[in-house]
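Everything on this sheet refers to the single structure shown next.
Every number here is computed from the coordinates shown, using simple stated rules; none is lab data. These figures come from a predicted structure and were not determined experimentally. Every residue, glycine as well, gets a Cβ built from its backbone with ideal geometry; the counts of neighbours run over all protein chains shown.
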Amino acid sequence: MALTKSVSLLLSIIIISALLQNTIIPTYENNNCDCYQEDEKPIATWKWNRYFNYTEIVDFLRTLKENYSDLVELFSIGKSYENRSIWALRLTNRDYDESVNKTTVVLIGGHHGREYISIMVPLYVAYQLLANYNVDENVTRLLDYMEIYIIPVLNPDGYMEALYHNPWHRKNTRPIDEDGDGLYDEDCPEDINGDGIIGLIYNNETGMWEVEGFDNDNDSKINEDWVGGVDLNRNYNFSWGYEWGASSNPSDPTYHGPYPFSEPETQAFRDFIIHEIIEKEKNVTFAISYHSGIEAILYPWGYTGQTPPDNDTFISLGKIIEKYTGYPLIQANQLYPVSGEWGDWLYGLFGIISFTVEVFVNYTEKAKLYTEVEKYINGTPYIDINITAYFNPIGSLISKIGRKNYLAVKNLALLFVPKIEEILENKSVIVIFGYPIPISVLVDFTLPFISAILFATIVFIILKKRIERRY
Ligand SMILES: [Ca+2]
Ligand SMILES: [Ca+2]
Ligand SMILES: [Ca+2]
Ligand SMILES: [Ca+2]
Ligand SMILES: [Zn+2]
């Protein structure tokens with residue numbers, strides 16, 4: 001009899017002490033780790049001090065998937081004109097995919113070939129989110145309660161063309177015979193004076209500044225037929241083809257293509273949005289497209305100066321990006337009119353809050369366009385403008401630009417996931433005999449169990465007393 005009593009008491013004590021002492025918060029406790037230098041961990045071979053070419057980007061994305069397999073999905077949204085896959089990451093804690101109503105963010109880079117930094121920024125954001133999961137409680141919260149799609153390079157062909165051939169290249173590489181001589185892409189710019197830069201030279205006949213180059217096909221015209229192409233950021237089918245925001249001339253940098261979504265790259269993005277976002281009824285909280293050539297945060301509309309219906313939202317969210325990046329927030333149309341543009345399309349057709357973030361300009365290179373000409377090639381005025389440097393920082397500054405844009409995305413996204421206190425309420429668990437059990441389960445099962453034992457013990461004692469009295 002005495003033994004049974006002690007066992008009941010012991011059980012109660014074990015369970016109650018577990019309840020009181022072993023309450024733990026596995027994921028969301030404040031982690032005061034020895035924080036690493038952002039560039040050193042954990043993919044040591046990938047340094048943020050240079051631009052990855054397309055092959056390296058693909059390797060990098062695969063490395064992310066291998067190192068963070070629980071958090072990364074990697075898939076192709078389609079092919080470029082030259083048959084390169086256009087890759088997308090989906091970052092989220094997939095353990096919660098079914099149980100949690102997730103919000104969504106979409107980031108994209110590399111619409112324009114020569115804007116290399118616009119590709120490195122989303123790659124950097126992806127890397128930091130993954131590296132900080134279970135390190136920074138806010139990032140853990142983001143990837144648990146949100147899915148972040150990242151398409152680092154929409155225009156891989158244009159990027160490779162700019163990296164290895166013509167640093168002025170902006171559009172995709174669909175061949176176009178601009179001068180109508182039956183030959184395609186036969187006369188591109190070159191560095192004729194060998195100073196390592198393809199600058200601008202003055203054309204005495206036309207009175208125009210032109211990109212440096214030879215007459216490759218002896219037709220007495222210089223650079224008349226570049227590789228490609230269509231400006232992908234003028235090829236979306238919202239306000240497409242307006243002459244004040246794009247060009248119908250295939251030679252122009254803002255050529256909008258023969259019809260909306262004429263290009264495989266914009267088709268791939270369109271299909272991604274329709275099949276992955278709209279049909280699956282995702283709740284996209286914001287989207288960002290990265291560019292360079294100026295520093296600014298642009299929001300719709302681009303095709304008109306009218307304010308968008310969600311003007312207040314654009315301003316309040318845009319101010320957060322502004323706070324972390326220092327870029328000024330302006331309506332796209334105030335910079336210059338654009339038509340058939342990415343953000344107008346996403347917002348105009350689907351109501352998605354879309355920002356175009358212009359992450360970098362080199363003011364020194366830009367200033368060369370406005371200062372007096374001091375250099376000449378064979379007597380012809382020459383501006384040694386370094387167009388790559390104009391659009392892209394030197395390698396050692398990539399992580400600095402990446403970092404402030406990462407912080408902007410992180411802090412903006414945090415508005416759209418549950419707060420830590422809300423999560424803790426649902427997530428608190430206690431450990432009993434090494435097994436984590438949510439408090440909610442314990443409330444359901446353990447307390448009645450303890451009550452039953454206590455009740456049984458009391459009944460037992462009363463019965464025992466009665467029996468003792470009887471004898
Ligand atoms: Ca031609
Ligand atoms: Ca061409
Ligand atoms: Ca040159
Ligand atoms: Ca020529
Ligand atoms: Zn651009």
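If you plug the beta carbon distance of L369 and H275 into 1/(1 + (r/R0)^6) with R0 = 45 Å, you get a FRET efficiency near 0.55. Of the peptides 255-264, 198-207, the order by per-residue mean of other Cβ atoms within 10 Å, starting with the highest, comes out as 255-264, 198-207.
Using Cβ point charges alone (K and R +1, D and E -1), the dipole size of the stretch 372-413 about the Cα centre works out to roughly 480 debye. Ordering S118, G78, T173 by the projection of their Cα atoms onto the charge dipole of the stretch 78-175, which places +1 on the Cβ of Lys and Arg and -1 on the Cβ of Asp and Glu, puts T173 at the extreme positive end.
Each Lys and Arg contributes +1 and each Asp and Glu -1, all at the Cβ; summed about the Cα centre of the stretch 153-216, the dipole is approximately 440 debye. Percent of C-alpha pairs per 5 Å bin in the stretch 40-126, short distances first: 3, 11, 21, 25, 19, 11, 6, 2, 0. Within the straight-line cut-off of under 29 Å between alpha carbons, the lysines reachable from K410 are K41, K47, K65, K102, K280, K282, K319, K323, K400, K419, K427, sequence neighbours fewer than 8 places apart in one chain being disregarded.
Show me the helices of the chain, taken as full DSSP H stretches, that run 15 Å or more along their long axis by Cα and average 1.0 or above in Kyte-Doolittle hydropathy.
Going by DSSP H runs, the hits are 2-21, 117-131, 439-470.
Evaluated over the Cα positions of the chain, the convex hull gives a direction-averaged projected area, one quarter of its surface, of 28.9 nm².
Just how large is the dipole of the chain about the Cα centre, in debye to the nearest 20, putting +1 at every Lys and Arg Cβ and -1 at every Asp and Glu Cβ?
Once rounded to the nearest 20, the dipole reads 4300 debye.
Charges on Cβ only, +1 for Lys and Arg, -1 for Asp and Glu, centred on the Cα centroid of the chain; of P250, Y133, M208, which one is farthest towards the dipole's positive end? About the Cα centre, the residue reaching furthest to the positive side is Y133. Residue ranges 62-73, 391-402, 274-285 sort as 391-402, 62-73, 274-285 when ordered by packing (mean number of other C-beta atoms within 10 Å per residue, highest first). Each peptide in 101-112, 239-250, 330-341, 362-373 gets a packing score, the mean of other Cβ atoms within 10 Å over its residues, and the list from highest to lowest is 101-112, 330-341, 239-250, 362-373. Applying 1/(1 + (r/R0)^6) with R0 = 30 Å to the Cβ-Cβ distance of N237 and K319 gives a FRET efficiency near 0.50.
Computed from the C-beta positions of L424 and I461, the FRET efficiency with R₀ = 30 Å rounds to 0.15.
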